[in-house]
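Colleague: Take this structure, written in structure tokens, and hold onto it; I'll ask about it next.
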Amino acid sequence: MTEDRSEAPESVSPPAGPPGRPLLERMNPAWFSIVMATGIVAIAAGLQDVEAVSTVLLVLSAVCYGLLVVLFAARAVLYWPAMRDDLGNHLRGSGFFTIVAGTSVLGAAFLVVAEQLGTAKVLWLVALGLWAVLVYAVPVAQILREPKPEITSGITGTWLLWVVATQGVSLLGTQVAGQFGRAAPTVVLLCLCLWLLGIVMYIWVTTLILERLFFGRLDPQALSPTYWITMGAAAISTLAGSILVLNAGKYELTADLVPFLKGMTILVWATATWWIPWLLIMGVWRYVVRRYSVSFEPGWWGMVFPLGMYSTATYRLSQAIEHNGLADLSGVMFWIALGAWVFTFVDMIVTLARRPVPEGAI
């Protein structure tokens, strides 16, 4: 028997408004996480030479991206007050960063899987513009919101999407910098600054999350799959750092910083690796010991993405530091990520096919 989810405290993202309101009005801002998860697994498949899987997932990621753009635009027009309220919601607001991260990851997927550099460049410009708006709009809206929640009920792993979005812009920008001609060194400098800023953001947010975990009441409802983003944010920092190293020789600035870049990249990879056993233990506690339901929620994609990102980041790190053993680890993690993607996709279809759609599933 699963636990009664209706009695859990308000520690994860609740639906926006009463259950009777339209699904589009209550739509979770973090839905672009499906683009992130599908796109990064497509990249990992491409790096492992599983071409059929990488192509199918790239197409699916692009289709999901287009559909979500339409849905979000419709929600902004029809239900702007609900979307505006989400922006300042401490539990839901960070979900908007999935738009930036999803755009960046999709661009990287087009680059790696389909070798469409022009498409990747356009998507980077879109991601950069969205990041420049949301990186201030979301924190300001939450800072000015009153009343504010206690930290034990106002923060989850989704806050690290702030980091993921920043590092996503950095890694894709480094890859397309050469398309900007004389401005390429400036683009690389921007990407280097974003990478370093993302690492600082990671320290800020992780400190708050650890305070919540160590000193707040923890129940199965609170320990949502979004906590996997603690690993995913470190993994994408690893990938962005590895891309900077692999492209360092093209630019004087980064060529002089290679030892520093390698050291910091290994540091964040070690951090990502450290999180994995802890997250697995907490997963066993939640789903086996406490028998919490495995019904789909958008946060499930927040678990698939880190697995795919860890595989991709580890592969690129193996190239950056010339350590072949890491490439083998990347291959193992790819199959785990692909299995998690298939499970989550099927769980999503089954859950959303129910009538009425269960609360929290959108």
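Colleague: In this structure, does Leu106 turn out to be under 26 Å from Thr265 (Cα atoms) and either surrounded by fewer than 21 Cβ atoms within 10 Å (Cβ to Cβ) or out of contact with any Phe, Trp or Tyr (no Cβ under 6 Å at 6 or more places or on another chain) (or both)?
Modeller: So Leu106 fails the test.
Colleague: Only one of Ala234, Ala222, Ala270 is within 30 Å of Thr152 (Cβ to Cβ) and modelled with pLDDT under 95. Can you tell me which?
Modeller: Sole residue among the options that is within 30 Å of Thr152 (Cβ to Cβ) and modelled with pLDDT under 95: Ala222.
Colleague: Could you tell me whether the stretch 258-270 includes any residue that is touching a residue at least 24 places away in the same chain (Cβ under 8 Å), of a type in the set (Lys, Arg) and outside any helix (DSSP H, G or I)?
Modeller: no
Colleague: For the stretch 210-222, state whether one or more residues are within 20 Å of His90 (Cβ to Cβ), part of a helix (DSSP H, G or I) and aliphatic (A, V, I, L, M).
Modeller: Yes - at least one qualifying residue is present in the stretch 210-222.
Colleague: Among the residues of the stretch 130-139, are any touching a Gly at 6+ places or on another chain (Cβ under 6 Å) and free of Cβ contacts under 8 Å to residues at least 60 places away in the same chain?
Modeller: Yes.
Colleague: Can you work out which of the residues in the stretch 285-324 that are basic (Lys, Arg) and touching a Pro at 6+ places or on another chain (Cβ under 7 Å) is farthest from Phe343 (Cα to Cα)?
Modeller: The residue in question is Arg290.
Colleague: Among the residues of the stretch 260-274, count how many are more than 14 Å from Leu246 (Cα to Cα) and surrounded by 22 or more Cβ atoms within 10 Å (Cβ to Cβ).
Modeller: Of the residues in the stretch 260-274, 3 are more than 14 Å from Leu246 (Cα to Cα) and surrounded by 22 or more Cβ atoms within 10 Å (Cβ to Cβ).
Colleague: Would you check which residues across the stretch 312-362 are basic (Lys, Arg) and surrounded by fewer than 18 Cβ atoms within 10 Å (Cβ to Cβ) and list them?
Modeller: Residues satisfying the conditions are Arg354, Arg355.
Colleague: Hey, Leu244 hits all of (1) surrounded by fewer than 22 Cβ atoms within 10 Å (Cβ to Cβ); (2) aliphatic (A, V, I, L, M); (3) within 20 Å of the chain's Cα centre (by Cα) but one; which does it fall short on?
Modeller: Condition not satisfied by Leu244: (1).
Colleague: Check Ala120, Ala45 and return the single one that is of a type in the set (Gly, Ala, Ser), more than 18 Å from Gly168 (Cα to Cα) and part of a helix (DSSP H, G or I).
Modeller: Answer to the selection: Ala45.
Colleague: Among the residues of the stretch 136-151, how many are over 17 Å from Arg92 (Cβ atoms) and either surrounded by 14 or more Cβ atoms within 10 Å (Cβ to Cβ) or in contact with a strand residue (DSSP E or B) (Cβ under 9 Å, 6 or more places away or on another chain) (or both)?
Modeller: Summing the residues that are over 17 Å from Arg92 (Cβ atoms) and either surrounded by 14 or more Cβ atoms within 10 Å (Cβ to Cβ) or in contact with a strand residue (DSSP E or B) (Cβ under 9 Å, 6 or more places away or on another chain) (or both) in the stretch 136-151 gives 0.
Colleague: For the stretch 317-362, how many residues meet the condition of being within 21 Å of the chain's Cα centre (by Cα) and among the hydroxyl-bearing types (Ser, Thr, Tyr)?
Modeller: Looking only at that region, the number is 2.
Colleague: Spot the failing condition for Lys148; the list is (1) out of contact with any Ser or Thr (no Cβ under 9 Å at 6 or more places or on another chain); (2) at pLDDT below 95; (3) in a helix (DSSP H, G or I); (4) over 22 Å from Ala313 (Cα atoms), and only one is missed.
Modeller: Result: Lys148 passes all but (3).
Colleague: Still on this structure, please answer the following. Can you name the number of the only condition in (1) crowded, with 19+ Cβ neighbours inside 10 Å; (2) within 18 Å of the chain's Cα centre (by Cα); (3) at pLDDT 95 or above that Ala132 fails?
Modeller: Single failed check for Ala132: (1).
Colleague: I'd like to verify a number: residues in the stretch 49-59 that are crowded, with 18+ Cβ neighbours inside 10 Å and either closer than 19 Å to Met348 by Cα or acidic (Asp, Glu) (or both), how many?
Modeller: 2
Colleague: Yes or no: Ser104 modelled with pLDDT under 95 and either outside any helix (DSSP H, G or I) or in contact with a Gly (Cβ under 9 Å, 6 or more places away or on another chain) (or both)?
Modeller: No; evaluated as a whole, the condition is false for this residue.
The values are calculated or read from the model by the stated rules, or taken from the named source; none is laboratory data. Keep in mind it's a predicted model, so treat the numbers as computed, not measured. Heads up, the Cβs are rebuilt from the backbone with ideal geometry, glycines too, and the neighbour counts pull from every protein chain shown.
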